[in-house]
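Below: one structure, written as structure tokens.
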């Protein structure tokens with residue numbers, strides 16, 4: 001089932017790549033099922049811009065930390081930031097095509113309702129602790145984290161895959177869109 005979902009998602013991503021052109025408005029794509037389910041990672045916006053974290057800082061994202069990209073296929077950088085108290089994970093690639101080809105399969109490992117995040121289930125393990133949904137601090141100072149995903153969905157925008165914290169895919173895409181709307185024009 002997971003293999004079928006991955007093939008379907010990659011097909012949709014490819015079709016989106018061809019049809020998106022240079023638009024920056026994002027939205028959900030139906031996976032073709034009769035239940036109206038949303039495909040995760042269904043948003044791909046092609047742009048010739050090569051973005052860095054500085055572009056997102058100019059859009060209001062605050063830097064939290066950088067990750068080691070060892071084990072993250074094709075990536076040249078990865079960072080965690082936040083926007084309006086929500087975490088945003090950024091994975092940077094040399095080009096849009098590499099983000100699509102090498103980034104999307106790994107991105108699918110940490111979004112969706114059936115995902116169970118633990119080191120044994122993901123290709124890239126450096127950010128695993130930050131990708132789990134956590135409740136606010138509990139009495140005594142600890143965190144109450146689950147193995148459920150923190151990020152509702154991801155968006156591919158040019159050379160970047162960005163994961164936005166939200167309980168739903170729609171909420172994640174809205175948060176990502178708010179950031180993309182504030183990116184400085186090139």
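Limited to the stretch 159-186, what total is found for residues that are part of a loop (DSSP other than H, G, I, E, B) and in contact with a strand residue (DSSP E or B) (Cβ under 7 Å, 6 or more places away or on another chain)?
Initially, the stretch 159-186 is screened for residues part of a loop (DSSP other than H, G, I, E, B), giving 159, 166-168, 182-186.
Those left that are additionally in contact with a strand residue (DSSP E or B) (Cβ under 7 Å, 6 or more places away or on another chain): 159, 166-168.
Within the stretch 159-186, residues that are part of a loop (DSSP other than H, G, I, E, B) and in contact with a strand residue (DSSP E or B) (Cβ under 7 Å, 6 or more places away or on another chain) number 4.
Close contacts from the stretch 102-113, counting a first residue that is on the phi > 0 side of the Ramachandran plot and buried (at least 18 other Cβ atoms within 10 Å of the Cβ) and a second that is modelled with pLDDT under 85 and part of a loop (DSSP other than H, G, I, E, B), with Cβ to Cβ under 6 Å and a gap of 6+ residues or different chains, come to 112/40. Scanning the stretch 51-76 for residues that are buried (at least 16 other Cβ atoms within 10 Å of the Cβ) and over 12 Å from residue 183 (Cα atoms) yields 67, 69, 72, 74, 75.
The values are calculated or read from the model by the stated rules, or taken from the named source; none is laboratory data. It should be emphasised that the depicted structure is a prediction, and the values quoted were computed from it without experimental measurement. Don't worry about glycine lacking a Cβ; one is built from the backbone with ideal geometry, like all the others, and counts go over all protein chains shown.
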